[in-house]
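Have a look at the structure below before the remarks.
The values are calculated or read from the model by the stated rules, or taken from the named source; none is laboratory data. Bear in mind that the values here come from a model prediction, so they are computed numbers and not experimental data. FYI the Cβ positions are ideal-geometry reconstructions off the backbone, even for glycines, and counts take in every protein chain you see.
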Amino acid sequence: MEYRKLGGLSISRLGLGTMTWGRDTDENEAAQQLQYFVEAGGNFVDTAAVYGDGDSERVLGGFIGTLVKRDQIVIASKAGITFKDGVRKVSNSRNELISDLDRTLSRLNVDYLDMWQIHTWDKNTPLEETLSALDYATTSGKARYVGVCNFNGWQLARSSTLQNPIFGKAAIASAQNEYSLLNRKVEEEVIPAAAALNLGFLAWSPLGRGVLTGKYRDGVPSDSRGASPHFANFVEPYLSERARQIVEAVCVAADGLGYSPLEVALSWVRDAPGVTSALIGARTGAQLRGILTVEQISLPDQVRQALNEVSA
(Lines give C-alpha, C1' and ligand atoms only; values in the text may rest on other atoms or scores of the structure.)
Protein backbone atom coordinates (compact mmCIF):
# COMPACT_ATOMS: atom_id res chain seq x y z
CA MET A 1 0.00 0.00 0.00
CA GLU A 2 1.24 3.49 -0.80
CA TYR A 3 2.31 5.70 2.11
CA ARG A 4 1.99 9.46 2.47
CA LYS A 5 3.43 11.98 4.92
CA LEU A 6 1.37 13.33 7.81
CA GLY A 7 3.55 15.65 9.84
CA GLY A 8 6.50 13.47 10.74
CA LEU A 9 4.47 10.30 10.31
CA SER A 10 4.30 8.02 7.30
CA ILE A 11 0.76 6.67 6.98
CA SER A 12 -1.08 4.41 4.55
CA ARG A 13 -3.26 6.20 2.03
CA LEU A 14 -6.16 4.10 3.27
CA GLY A 15 -6.87 4.30 6.99
CA LEU A 16 -8.88 1.82 9.03
CA GLY A 17 -11.90 3.37 10.76
CA THR A 18 -13.21 1.60 13.86
CA MET A 19 -16.47 3.40 14.66
CA THR A 20 -18.49 0.17 14.70
CA TRP A 21 -16.04 -1.89 16.75
CA GLY A 22 -17.48 -3.23 19.99
CA ARG A 23 -21.03 -2.47 18.95
CA ASP A 24 -21.99 -3.57 15.42
CA THR A 25 -18.64 -5.32 14.88
CA ASP A 26 -17.68 -7.93 17.46
CA GLU A 27 -14.12 -8.71 18.55
CA ASN A 28 -13.65 -11.63 16.14
CA GLU A 29 -14.69 -9.56 13.12
CA ALA A 30 -12.61 -6.62 14.33
CA ALA A 31 -9.57 -8.90 14.67
CA GLN A 32 -10.08 -10.09 11.09
CA GLN A 33 -10.32 -6.51 9.88
CA LEU A 34 -7.10 -5.47 11.57
CA GLN A 35 -5.29 -8.57 10.33
CA TYR A 36 -6.43 -8.06 6.72
CA PHE A 37 -5.58 -4.36 6.89
CA VAL A 38 -2.05 -4.87 8.19
CA GLU A 39 -1.42 -7.74 5.76
CA ALA A 40 -2.43 -5.40 2.92
CA GLY A 41 0.21 -2.91 4.08
CA GLY A 42 -2.07 -0.55 6.00
CA ASN A 43 -0.85 1.07 9.21
CA PHE A 44 -3.15 4.02 10.02
CA VAL A 45 -5.93 3.10 12.48
CA ASP A 46 -8.44 5.75 13.56
CA THR A 47 -10.68 5.53 16.62
CA ALA A 48 -12.30 7.91 19.14
CA ALA A 49 -13.22 8.04 22.80
CA VAL A 50 -16.90 8.32 21.92
CA TYR A 51 -17.07 5.29 19.60
CA GLY A 52 -19.18 2.71 21.38
CA ASP A 53 -18.67 4.72 24.59
CA GLY A 54 -15.03 3.63 24.61
CA ASP A 55 -15.60 0.07 23.37
CA SER A 56 -13.85 0.73 20.06
CA GLU A 57 -10.68 1.72 21.89
CA ARG A 58 -10.97 -1.23 24.27
CA VAL A 59 -11.26 -3.71 21.41
CA LEU A 60 -8.32 -2.17 19.55
CA GLY A 61 -6.27 -2.15 22.76
CA GLY A 62 -6.85 -5.86 23.16
CA PHE A 63 -5.10 -6.52 19.84
CA ILE A 64 -1.96 -4.50 20.56
CA GLY A 65 0.84 -6.81 21.61
CA THR A 66 -1.14 -9.90 20.64
CA LEU A 67 -2.37 -9.50 17.07
CA VAL A 68 -0.08 -6.61 16.10
CA LYS A 69 3.00 -4.99 17.58
CA ARG A 70 2.65 -1.42 18.80
CA ASP A 71 5.08 -0.10 16.21
CA GLN A 72 3.21 -1.79 13.35
CA ILE A 73 0.33 0.67 13.50
CA VAL A 74 -0.14 4.42 13.71
CA ILE A 75 -2.92 5.01 16.24
CA ALA A 76 -5.13 8.09 16.03
CA SER A 77 -7.92 8.90 18.46
CA LYS A 78 -10.22 11.83 19.21
CA ALA A 79 -11.67 13.57 22.25
CA GLY A 80 -14.37 16.07 23.15
CA ILE A 81 -17.67 14.28 22.47
CA THR A 82 -19.67 12.14 24.88
CA PHE A 83 -23.12 10.55 24.91
CA LYS A 84 -24.59 10.63 28.37
CA ASP A 85 -28.10 9.26 28.80
CA GLY A 86 -28.44 9.27 25.02
CA VAL A 87 -27.68 13.00 24.75
CA ARG A 88 -24.72 14.18 22.65
CA LYS A 89 -22.47 16.55 24.53
CA VAL A 90 -19.50 18.48 23.15
CA SER A 91 -16.95 19.85 25.61
CA ASN A 92 -13.48 20.96 24.58
CA SER A 93 -12.54 22.28 28.00
CA ARG A 94 -8.97 21.52 29.02
CA ASN A 95 -10.25 19.36 31.88
CA GLU A 96 -12.59 17.26 29.70
CA LEU A 97 -10.05 16.78 26.92
CA ILE A 98 -7.19 15.72 29.15
CA SER A 99 -9.48 13.37 31.06
CA ASP A 100 -10.59 11.88 27.73
CA LEU A 101 -6.96 11.44 26.71
CA ASP A 102 -6.04 9.59 29.90
CA ARG A 103 -9.05 7.28 29.55
CA THR A 104 -8.16 6.64 25.91
CA LEU A 105 -4.60 5.61 26.77
CA SER A 106 -5.91 3.33 29.51
CA ARG A 107 -8.43 1.63 27.21
CA LEU A 108 -5.85 1.19 24.46
CA ASN A 109 -3.24 0.05 26.99
CA VAL A 110 -0.57 2.21 25.37
CA ASP A 111 1.74 4.94 26.65
CA TYR A 112 1.12 7.37 23.80
CA LEU A 113 -0.97 8.10 20.72
CA ASP A 114 0.65 8.78 17.38
CA MET A 115 -2.11 11.28 16.59
CA TRP A 116 -4.59 12.90 19.00
CA GLN A 117 -7.41 14.99 17.59
CA ILE A 118 -10.07 17.39 18.80
CA HIS A 119 -13.25 15.69 17.58
CA THR A 120 -15.28 18.78 16.72
CA TRP A 121 -15.61 22.52 17.32
CA ASP A 122 -16.98 23.70 20.66
CA LYS A 123 -18.49 27.19 20.53
CA ASN A 124 -18.80 27.35 24.31
CA THR A 125 -15.12 26.90 25.13
CA PRO A 126 -12.45 29.50 24.32
CA LEU A 127 -10.27 28.15 21.53
CA GLU A 128 -7.09 29.00 23.43
CA GLU A 129 -8.20 26.75 26.29
CA THR A 130 -8.96 23.91 23.90
CA LEU A 131 -5.60 24.22 22.19
CA SER A 132 -3.76 24.25 25.51
CA ALA A 133 -4.79 20.60 25.89
CA LEU A 134 -2.91 19.81 22.67
CA ASP A 135 0.20 21.44 24.10
CA TYR A 136 -0.14 19.34 27.25
CA ALA A 137 -0.57 16.15 25.23
CA THR A 138 2.66 16.63 23.30
CA THR A 139 4.84 18.02 26.09
CA SER A 140 3.76 15.18 28.39
CA GLY A 141 4.62 12.62 25.70
CA LYS A 142 1.07 11.28 25.61
CA ALA A 143 0.68 12.25 21.93
CA ARG A 144 3.31 12.55 19.23
CA TYR A 145 1.19 14.70 16.87
CA VAL A 146 -2.12 16.53 17.14
CA GLY A 147 -4.93 17.54 14.82
CA VAL A 148 -8.51 18.72 14.57
CA CYS A 149 -11.65 17.19 13.12
CA ASN A 150 -14.78 18.69 11.60
CA PHE A 151 -13.50 22.27 11.80
CA ASN A 152 -14.51 24.63 8.99
CA GLY A 153 -12.01 26.73 7.06
CA TRP A 154 -11.65 29.69 9.41
CA GLN A 155 -11.65 27.49 12.50
CA LEU A 156 -8.84 25.39 11.05
CA ALA A 157 -6.83 28.45 9.98
CA ARG A 158 -7.26 30.15 13.35
CA SER A 159 -6.24 27.03 15.25
CA SER A 160 -3.20 26.42 13.11
CA THR A 161 -2.11 30.07 13.41
CA LEU A 162 -2.39 30.04 17.20
CA GLN A 163 -0.42 26.79 17.37
CA ASN A 164 2.70 28.20 15.76
CA PRO A 165 5.66 26.06 16.88
CA ILE A 166 7.86 29.17 16.84
CA PHE A 167 6.13 30.09 20.09
CA GLY A 168 6.56 26.63 21.58
CA LYS A 169 3.09 25.43 20.62
CA ALA A 170 2.11 21.94 19.45
CA ALA A 171 1.65 22.39 15.72
CA ILE A 172 -1.60 21.22 14.15
CA ALA A 173 -0.60 18.39 11.80
CA SER A 174 -3.91 17.44 10.23
CA ALA A 175 -7.56 18.16 9.59
CA GLN A 176 -10.13 15.39 9.39
CA ASN A 177 -13.49 16.02 7.69
CA GLU A 178 -16.17 14.19 5.77
CA TYR A 179 -15.42 14.03 2.04
CA SER A 180 -17.01 12.03 -0.76
CA LEU A 181 -18.72 12.45 -4.11
CA LEU A 182 -21.89 13.11 -2.10
CA ASN A 183 -20.30 15.76 0.10
CA ARG A 184 -17.62 17.99 -1.41
CA LYS A 185 -18.06 21.01 0.88
CA VAL A 186 -14.48 20.78 2.16
CA GLU A 187 -13.19 21.70 -1.29
CA GLU A 188 -14.43 25.26 -0.73
CA GLU A 189 -12.26 26.16 2.27
CA VAL A 190 -10.95 23.28 4.35
CA ILE A 191 -8.77 21.47 1.82
CA PRO A 192 -7.34 24.75 0.43
CA ALA A 193 -6.62 25.89 4.01
CA ALA A 194 -4.92 22.59 4.84
CA ALA A 195 -2.80 22.85 1.69
CA ALA A 196 -1.83 26.46 2.41
CA LEU A 197 -0.90 25.60 5.99
CA ASN A 198 0.97 22.43 4.95
CA LEU A 199 -1.37 20.18 6.92
CA GLY A 200 -2.47 16.65 6.15
CA PHE A 201 -6.11 16.00 5.28
CA LEU A 202 -7.95 12.86 6.40
CA ALA A 203 -11.23 12.03 4.68
CA TRP A 204 -13.90 10.26 6.68
CA SER A 205 -16.90 8.52 5.12
CA PRO A 206 -15.41 8.51 1.60
CA LEU A 207 -18.21 6.14 0.53
CA GLY A 208 -20.91 8.66 1.35
CA ARG A 209 -21.95 6.83 4.54
CA GLY A 210 -22.16 3.63 2.50
CA VAL A 211 -24.59 5.00 -0.09
CA LEU A 212 -21.96 5.15 -2.87
CA THR A 213 -21.59 1.37 -2.78
CA GLY A 214 -24.93 1.22 -4.59
CA LYS A 215 -26.55 -0.93 -1.90
CA TYR A 216 -29.39 1.57 -1.41
CA ARG A 217 -30.43 1.84 -5.06
CA ASP A 218 -33.51 -0.32 -4.51
CA GLY A 219 -34.30 0.63 -0.93
CA VAL A 220 -32.73 0.18 2.49
CA PRO A 221 -31.37 -3.37 3.02
CA SER A 222 -32.28 -4.86 6.40
CA ASP A 223 -28.64 -5.60 7.24
CA SER A 224 -27.32 -2.15 6.28
CA ARG A 225 -26.34 0.82 8.42
CA GLY A 226 -29.37 2.62 7.05
CA ALA A 227 -31.57 0.08 8.85
CA SER A 228 -29.54 0.21 12.07
CA PRO A 229 -30.99 2.19 14.99
CA HIS A 230 -27.53 3.71 15.53
CA PHE A 231 -27.01 4.91 11.96
CA ALA A 232 -30.41 5.35 10.25
CA ASN A 233 -30.41 9.12 10.78
CA PHE A 234 -26.75 9.22 9.71
CA VAL A 235 -27.47 7.63 6.31
CA GLU A 236 -30.87 9.20 5.56
CA PRO A 237 -29.58 12.61 4.27
CA TYR A 238 -27.80 10.80 1.42
CA LEU A 239 -30.90 9.02 0.14
CA SER A 240 -32.05 12.12 -1.78
CA GLU A 241 -32.75 12.44 -5.51
CA ARG A 242 -29.49 14.34 -6.05
CA ALA A 243 -27.56 11.57 -4.29
CA ARG A 244 -29.35 8.96 -6.40
CA GLN A 245 -28.14 10.64 -9.60
CA ILE A 246 -24.55 10.66 -8.39
CA VAL A 247 -24.76 7.02 -7.32
CA GLU A 248 -26.10 6.10 -10.76
CA ALA A 249 -23.16 7.89 -12.39
CA VAL A 250 -20.74 5.96 -10.17
CA CYS A 251 -22.44 2.69 -11.09
CA VAL A 252 -22.27 3.50 -14.81
CA ALA A 253 -18.54 4.28 -14.48
CA ALA A 254 -17.99 1.07 -12.53
CA ASP A 255 -19.76 -1.02 -15.17
CA GLY A 256 -17.67 0.55 -17.92
CA LEU A 257 -14.38 -0.01 -16.11
CA GLY A 258 -15.15 -3.45 -14.72
CA TYR A 259 -14.86 -2.20 -11.14
CA SER A 260 -17.34 -2.10 -8.28
CA PRO A 261 -19.09 1.19 -7.39
CA LEU A 262 -17.22 1.07 -4.08
CA GLU A 263 -13.85 0.96 -5.84
CA VAL A 264 -14.76 3.89 -8.08
CA ALA A 265 -16.06 6.09 -5.26
CA LEU A 266 -13.20 5.30 -2.89
CA SER A 267 -10.41 5.72 -5.42
CA TRP A 268 -11.92 9.10 -6.39
CA VAL A 269 -11.45 10.34 -2.81
CA ARG A 270 -8.15 8.60 -2.14
CA ASP A 271 -6.49 10.28 -5.10
CA ALA A 272 -8.23 13.65 -4.86
CA PRO A 273 -5.92 16.67 -4.55
CA GLY A 274 -4.89 17.35 -0.97
CA VAL A 275 -6.05 14.04 0.53
CA THR A 276 -3.49 12.26 2.72
CA SER A 277 -5.58 9.24 3.69
CA ALA A 278 -9.17 8.07 3.20
CA LEU A 279 -10.67 6.29 6.20
CA ILE A 280 -12.54 3.09 5.45
CA GLY A 281 -14.84 1.21 7.79
CA ALA A 282 -16.66 -2.10 7.54
CA ARG A 283 -18.96 -4.23 9.63
CA THR A 284 -17.20 -7.52 8.87
CA GLY A 285 -13.75 -8.74 7.92
CA ALA A 286 -15.04 -9.99 4.58
CA GLN A 287 -16.41 -6.54 3.76
CA LEU A 288 -13.08 -4.91 4.56
CA ARG A 289 -11.20 -7.43 2.44
CA GLY A 290 -13.43 -6.43 -0.48
CA ILE A 291 -12.77 -2.74 0.15
CA LEU A 292 -8.99 -3.24 0.15
CA THR A 293 -9.11 -4.32 -3.52
CA VAL A 294 -9.25 -0.59 -4.34
CA GLU A 295 -5.47 -0.48 -3.93
CA GLN A 296 -5.18 -2.29 -7.27
CA ILE A 297 -6.92 0.41 -9.32
CA SER A 298 -6.82 4.07 -10.27
CA LEU A 299 -9.40 6.05 -12.20
CA PRO A 300 -8.75 7.29 -15.75
CA ASP A 301 -8.66 11.09 -15.92
CA GLN A 302 -11.76 11.28 -18.11
CA VAL A 303 -13.78 9.24 -15.62
CA ARG A 304 -12.62 11.40 -12.73
CA GLN A 305 -13.59 14.52 -14.66
CA ALA A 306 -17.04 13.13 -15.46
CA LEU A 307 -17.62 12.33 -11.78
CA ASN A 308 -16.39 15.80 -10.82
CA GLU A 309 -19.00 17.33 -13.08
CA VAL A 310 -21.95 15.19 -12.03
CA SER A 311 -21.23 15.71 -8.33
CA ALA A 312 -20.31 19.40 -8.47
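The single residue among Val294, Val264 that is under 17 Å from Glu248 (Cα atoms), in contact (Cβ under 8 Å) with a residue 24 or more places away in the chain, in contact with a helix residue (DSSP H, G or I) (Cβ under 6 Å, 6 or more places away or on another chain) and not small (Gly, Ala, Ser) turns out to be Val264.
Per this entry, Glu236 is counted among residues that are modelled with pLDDT under 90, charged (D, E, K, R), part of a helix (DSSP H, G or I) and surrounded by fewer than 20 Cβ atoms within 10 Å (Cβ to Cβ). Of all residues in segment 158-171, those satisfying the criterion of being surrounded by fewer than 19 Cβ atoms within 10 Å (Cβ to Cβ) and in a helix (DSSP H, G or I) are Arg158, Thr161, Leu162, Pro165, Ile166, Phe167. When the residues of segment 270-292 are filtered to those that are of a type in the set (S, T, N, Q) and at pLDDT 95 or above, the one that is nearest to the chain's Cα centre (by Cα) is Ser277.
Within segment 178-214, the set of residues being of a type in the set (S, T, N, Q) and without any contact (Cβ under 8 Å) to a residue 24 or more places away in the chain comprises just one member, Asn198.
Restricted to segment 141-157, and to residues there that are in a loop (DSSP other than H, G, I, E, B) and within 19 Å of the chain's Cα centre (by Cα), the residue that is surrounded by the most Cβ atoms within 10 Å (Cβ to Cβ) is Phe151.
Across segment 253-265, not a single residue is classified as within 15 Å of Gly15 (Cα to Cα) and part of a loop (DSSP other than H, G, I, E, B). The set of residues in segment 172-190 that are farther than 24 Å from Lys123 by Cβ and either over 17 Å from the mean Cα position of the chain (by Cα) or part of a loop (DSSP other than H, G, I, E, B) (or both) comprises Leu181, Leu182, Arg184.
Could you list, in sequence order, the residues of segment 266-291 that are in a helix (DSSP H, G or I) and either buried (at least 20 other Cβ atoms within 10 Å of the Cβ) or among the polar types (S, T, N, Q) (or both)? Answer for segment 266-291, where residues must be in a helix (DSSP H, G or I) and either buried (at least 20 other Cβ atoms within 10 Å of the Cβ) or among the polar types (S, T, N, Q) (or both): Leu266, Ser267, Trp268, Val269, Arg270, Gln287, Leu288, Ile291. Of all residues in segment 73-119, those being crowded, with 16+ Cβ neighbours inside 10 Å and either polar (S, T, N, Q) or assigned to a loop (DSSP other than H, G, I, E, B) (or both) number 12. Within the option set Asp53, Asp26, being surrounded by fewer than 20 Cβ atoms within 10 Å (Cβ to Cβ) and without any contact (Cβ under 8 Å) to a residue 12 or more places away in the chain holds for one residue only, Asp26.
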